[in-house]
Structures are given as structure tokens and as C-alpha cells.
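Engineer: Before I ask anything, here is the structure I am working with.
The values are calculated or read from the model by the stated rules, or taken from the named source; none is laboratory data. Computed from a predicted structure; not experimentally measured. Because the Cβ atoms are built from the backbone with ideal geometry, glycine has one as well, and the counts that use them run over all protein chains shown.
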Amino acid sequence: MPFFPQADYQCGPAALATALSAAGQPVSAEELVAEVYVPGLQGSLQPELLAAARRRGLLPYVLRGSLEELAAELDQGRPVLVLQNLHWLGPPAWHYAVIVGMAGADSEVILRSGEERRRVEPLWRFLRSWDAADRWAVVLLEPGQLPARPDRYRYLRSVTELEASGHSSAAHAAYLAAEKTWPGDPVVRAGLGNTALAMGQWKDAAEVYSAMLAEDAGNVLAGNNLAVALVELGCPATAVALADRALAALGAEDRRRPVIEDTRSQALSRQGPREPDDCRSYGDVSLR
Amino acid sequence: MRQSNPPKDKVSKNSSLRSGAVRAVVAWVSVALLSVGVWQTAAAGIIGTRSVLDAELRDVRIEQVERLLSQAQVRDQLVALGVDPAWAVTRVASLTDEELRLLEQDLQNLPAGGLLEVIGIVFVVLLVLELVGVTDIFKKM
């Protein structure tokens, strides 16, 4: 695993470079300075480290903060980027480091820190500085990797954020991995459909939404987004019917109403004399 | 508030006000353009995955306006703290809504990890205290 010693105050770029490189995105600490360092603060902010990982299509997963969880990540060969507070009866002294292993029958942690490639710290001392930083720790997952101790909400929140930042194919891989761990999860299914839609895989997306509607005909997301996919598949009439049904089921005040009305008018504007018969394979499920 | 040098006469005041307004609009539009395609809080016509995760769905249009405002605010703060303006735009574009809100509220007081070596500083302080005679830690060692 490469190591990037830090220049003045630049432990953020240095630690991030180590973690990114371990996740298959080699980059130097110097290159990351412009991306995450804030000169006026003489440091780097946690959200900006996560954002830099997302920009590269990686999934930053913030751990819950147990030592057991941290050790489990190391067992999978993943380094853990941590925030430490090295204060000593004074103001906070924030520092980023990367834990790469444990030693001495788990009584010591091995860190890449500051200018040191390998720094062995007694566990108690590390814990004191880690506790003082609210036990903040993050692993950078490659698309499709799950954390060692996956927490559903934490994982899916991170994936939806990766998806929203435009990394559809990485998010799709993450949802596929999640489907194996939480089969039938409504967020995962919606995500699989929406990422397929974002990548222009209209048929795949339509199949996911159809399956969701087969289980719950009142699923508004599936109804609307299936309509969007069907317009692209040359089935605007079915799409209009889907949108109409979704609108009929919604209250007048529902905030999703404008989105669905939008979908409906898009579909209307694309309507031709007759749509192909295979449109009904989606319509049969949803328009019974 | 941004005009550090108050204009001397009425004409220049008007024109600088106008150019300030133009600048604000240009900045607004460029942020809006840049954020399109980078962050898809509400891709056209699609109900997003996040809405399922957070049971309550907020008005996507309001969210987008809020997001633009937060982005501009955080970007200005970063630039004021010495971040390259072009990079600041890219940087805020990759922050999530929650992260933006957090930075918007409290950027200056959030942990900014950057320490090189604090042990050395502590040692120097202890040594000074020792030499001045406030403490006598080292004699016992």
C-alpha cells in the first residue's frame, strides 16, 4: 500500500491519498490539496474527504465507531481513515491518519500518520484520541463491495448520495450487492430501477418497476418512473394511463403531483397513432 | 455588504450596483449550470431513490433552490478561506445536501484535521514550564 507523507498541516490530503490508492484510485497527496485542503483553516473538513471519494465513484462508508467494526474492516484488507483529536489539556488538535492494521495481540494499532510510514501506537492512546473525535472513521468501498458489518441505513444513505452525485453505474453495482444482503428491500429495488433508468437501460428499469407494481399497485414511485421508461420504450399511451392512475390515487396536496403531471404531459406529447403490442407486457401488470 | 470601497458619486454608485447585480446573476446562473448533471436531486420527471429512504418526500423544486443557495454560500466561505475559486465550485458540487447544510451552519467550527505533530508542541510547552520553574516533572524522571 502506498504511503504519502504530509507537508505542513496537510494530513487530510495525505491520509486520503493513502485510502484512495488502497481502493484502486491512485492519486498523490499533492493532487488532493486543491480538492480538500482549506488554507484558512489549516486543515481539511470531513465532508470534503467523503466528497472527494464520491467524485471518483467510490462509496464512502462512515463506520458506527466500534473497535470491533474497525478491526473487521482491517481483516478484509481495507485501511480505515480516522479522525483523531490529539489535544492535551488545550484546544482541539484535529488530525487524520489511516489505520492499516493491529499488532501486539490487538493492543496496538498500526497507523500511517503525518510523516511516518508506520507508526505503532498503544491501543489506549489511540482510543483516547479517537474518542475525543467522536470515533469518526470511514472506509472507501469500491462499487459492489459491502462493509464488513453493514448497517442498512448507513449503507443505503451513502449509496443514494453516490447515485445523486451522478455515479449511476457505481451506485447500480452497490444496489446489486445490497440486494443480496437485504432481498426485496424497497429502497434497493427503487435504486436498481432508477440507476438503470439513469443509464438509459429502459427495459431493465421497466422490469424492476413492473415487478414493484405487481406487488403493490399503489407504488407511486414505480408507477411514475415506469411511465418515464415507457415513454422511452415507445409506449406513451401506456405511460399516460399509468400516470393517470397514479394521479387519481394521490391527494390534491401531495408533493409528488407536479412530478407525475410532468411525466404525463411528456408522455402525451409523444403519443402517436398506435403503440407496439409489447407495451402491454408492462401495461398488463400495471393497468389491470 | 460586499462593496468594501463605497463609491464617491452617484453615477459610479449606480454602475457599481448594476455590475454587482450582474455579477450576482452571472454567478447564480453559472452555479446553476454547473450543478446540473453533477448533482441530480431531482432529475427531470423521476422520483428519486432517496425519497423512499426518507419516508417523507419534500418538494423537489424547493430542495433544488435551497441547494443552490447553500452551494453559493459554502463556496464563498471556502474562497474566503483561500480555496481556489474554480476548485471551490467543483468541491461544493460534490457535497450532499446534509453536508452542505452542516458546512453552511458551522464551517469555521467543524473539525478540520490538519495537524502535523502536536506531541512536539506539548513537549516544548512542558519544557518551558520546567525551565521557568512552574513545574518540576523532569527532575523526577
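Engineer: Could you count how many residues in the stretch A:35-51 are more than 7 Å from every other protein chain (Cβ to nearest Cβ) and hydroxyl-bearing (Ser, Thr, Tyr)?
Structural biologist: Here the count works out to 1.
Engineer: In the stretch A:106-116, how many are assigned to a strand (DSSP E or B) and under 22 Å from residue B:110 (Cβ atoms)? Walk me through it before giving the result.
Structural biologist: Kept after step one, since they are assigned to a strand (DSSP E or B), are these residues of the stretch A:106-116: A:108-113, A:116.
Going one step further and asking which of them are under 22 Å from residue B:110 (Cβ atoms), we end up with A:113.
Number satisfying all stated conditions: 1.
Engineer: Name the pairs whose Cβ atoms lie under 8 Å apart, with the first residue in the stretch A:141-156 and on the phi > 0 side of the Ramachandran plot, the second surrounded by 15 or more Cβ atoms within 10 Å (Cβ to Cβ), and 6 or more positions between them or separate chains?
Structural biologist: Listed pairs, sorted by first residue: A:144/A:173; A:144/A:174; A:144/A:176; A:144/A:177.
Engineer: Would you check if there is a residue in the stretch B:29-37 being more than 10 Å from every other protein chain (Cβ to nearest Cβ), at pLDDT 95 or above and assigned to a helix (DSSP H, G or I)?
Structural biologist: The answer is no, given that none of the residues of the stretch B:29-37 is more than 10 Å from every other protein chain (Cβ to nearest Cβ), at pLDDT 95 or above and assigned to a helix (DSSP H, G or I).
Engineer: From the list A:30, A:48, A:73, which residue is surrounded by fewer than 21 Cβ atoms within 10 Å (Cβ to Cβ) and charged (D, E, K, R)?
Structural biologist: Values: A:48 fails: surrounded by fewer than 21 Cβ atoms within 10 Å (Cβ to Cβ); A:73 fails: surrounded by fewer than 21 Cβ atoms within 10 Å (Cβ to Cβ).
Within the list A:30, A:48, A:73, the selection yields A:30.
Engineer: Of all residues in the stretch A:57-70, which are crowded, with 16+ Cβ neighbours inside 10 Å, at negative phi and small (Gly, Ala, Ser)? Full working, then the answer.
Structural biologist: Looking only at the stretch A:57-70, we keep the residues that are crowded, with 16+ Cβ neighbours inside 10 Å, and these are A:57-63, A:67, A:69-70.
Among the residues that remain, those that are also at negative phi are: A:58-63, A:67, A:69-70.
Within the stretch A:57-70, no residue meets the criteria.
Engineer: Surrounded by fewer than 24 Cβ atoms within 10 Å (Cβ to Cβ), in contact with a Cys (Cβ under 8 Å, 6 or more places away or on another chain) and assigned by TED's automatic domain parsing to the domain that holds residue A:189: does that describe residue A:251? I'd like the intermediate steps shown before the answer.
Structural biologist: Details: surrounded by fewer than 24 Cβ atoms within 10 Å (Cβ to Cβ): yes; in contact with a Cys (Cβ under 8 Å, 6 or more places away or on another chain): no; assigned by TED's automatic domain parsing to the domain that holds residue A:189: yes.
No.
Engineer: Can I ask one more? Could you please find all residues in the stretch A:18-35 being small (Gly, Ala, Ser), in contact (Cβ under 8 Å) with a residue 60 or more places away in the chain and in a helix (DSSP H, G or I)?
Structural biologist: Step one: filter the stretch A:18-35 for residues small (Gly, Ala, Ser), giving A:19, A:21-24, A:28-29, A:34.
Of the ones still in play, those that are also in contact (Cβ under 8 Å) with a residue 60 or more places away in the chain are A:19, A:22-24.
Of everything in the stretch A:18-35, those that are small (Gly, Ala, Ser), in contact (Cβ under 8 Å) with a residue 60 or more places away in the chain and in a helix (DSSP H, G or I) turn out to be A:19, A:22.
Engineer: Output the residue which, of all residues in the stretch A:89-108 that are more than 14 Å from chain B (Cβ to nearest Cβ) and more than 21 Å from residue A:13 (Cα to Cα), is surrounded by the most Cβ atoms within 10 Å (Cβ to Cβ).
Structural biologist: Within the stretch A:89-108, the match that is surrounded by the most Cβ atoms within 10 Å (Cβ to Cβ) is A:102.
Engineer: Which residue out of A:213, A:176, A:192 is within 11 Å of chain B (Cβ to nearest Cβ) and of a type in the set (A, V, I, L, M, F, W, C)?
Structural biologist: Details: A:213 fails: within 11 Å of chain B (Cβ to nearest Cβ); A:176 fails: within 11 Å of chain B (Cβ to nearest Cβ).
Exactly one of A:213, A:176, A:192 is within 11 Å of chain B (Cβ to nearest Cβ) and of a type in the set (A, V, I, L, M, F, W, C), namely A:192.
Engineer: Also, quick follow-up: Could you grab me the full set of residues in the stretch A:8-17 that are small (Gly, Ala, Ser) and touching a residue at least 60 places away in the same chain (Cβ under 8 Å)? Outline the logic, then answer.
Structural biologist: Step one: of the stretch A:8-17, the residues small (Gly, Ala, Ser) are A:12, A:14-15, A:17.
Those that are small (Gly, Ala, Ser) and touching a residue at least 60 places away in the same chain (Cβ under 8 Å): A:12, A:14, A:15.
Engineer: Right, another one. Could you tell me which numbered condition residue A:118 fails, if it satisfies all but one of (1) within 14 Å of another protein chain (Cβ to nearest Cβ); (2) charged (D, E, K, R); (3) under 24 Å from residue A:20 (Cα atoms); (4) without any contact (Cβ under 8 Å) to a residue 60 or more places away in the chain?
Structural biologist: (1)
Engineer: For the structure I just gave you, tell me whether residue A:246 is crowded, with 20+ Cβ neighbours inside 10 Å and away from every other protein chain (no Cβ under 11 Å).
Structural biologist: When the stated conditions are applied, residue A:246 does not pass them.
Engineer: Here's something else I'd like to know. Scan the helices (runs of 4 or more DSSP H) fully inside the stretch B:47-141 and keep the ones with 2 or more residues being at the interface with chain A (Cβ under 9 Å from one of its Cβ atoms) and modelled with pLDDT under 90.
Structural biologist: Working: elements: B:50-53, B:60-80, B:85-93, B:97-106, B:118-132.
Counting at least 2 such residues, we get B:50-53, B:60-80, B:97-106, B:118-132.
Engineer: Could you go through the stretch A:55-66 and let me know if any residue there is within 20 Å of residue B:110 (Cβ to Cβ) and free of Cβ contacts under 8 Å to residues at least 40 places away in the same chain.
Structural biologist: No, the stretch A:55-66 contains no residue that is within 20 Å of residue B:110 (Cβ to Cβ) and free of Cβ contacts under 8 Å to residues at least 40 places away in the same chain.
Engineer: Count, please, the residues in the stretch B:73-92 that happen to be surrounded by fewer than 20 Cβ atoms within 10 Å (Cβ to Cβ) and aliphatic (A, V, I, L, M). Outline the logic, then answer.
Structural biologist: To start, the set of residues in the stretch B:73-92 that are surrounded by fewer than 20 Cβ atoms within 10 Å (Cβ to Cβ) comprises B:73, B:76-77, B:79-82, B:84-87, B:90.
Okay, now just the ones that are also aliphatic (A, V, I, L, M), so B:79-81, B:86.
Total satisfying the criteria: 4.
Engineer: Pairs needed: first member in the stretch A:264-285, within 24 Å of residue A:208 (Cβ to Cβ); second member anywhere, part of a loop (DSSP other than H, G, I, E, B) and at pLDDT below 80; C-beta distance under 8 Å; at least 6 residues apart or different chains.
Structural biologist: Note: pairs meeting the criteria are A:266/B:45.
Engineer: Within the stretch A:54-88, which residues are within 19 Å of residue B:114 (Cα to Cα) and within 9 Å of another protein chain (Cβ to nearest Cβ)? Explain how you work it out, then say what you get.
Structural biologist: Of the stretch A:54-88, the ones within 19 Å of residue B:114 (Cα to Cα) are A:80-88.
Listed by number, the residues that qualify are A:83, A:84, A:85, A:86, A:87, A:88.
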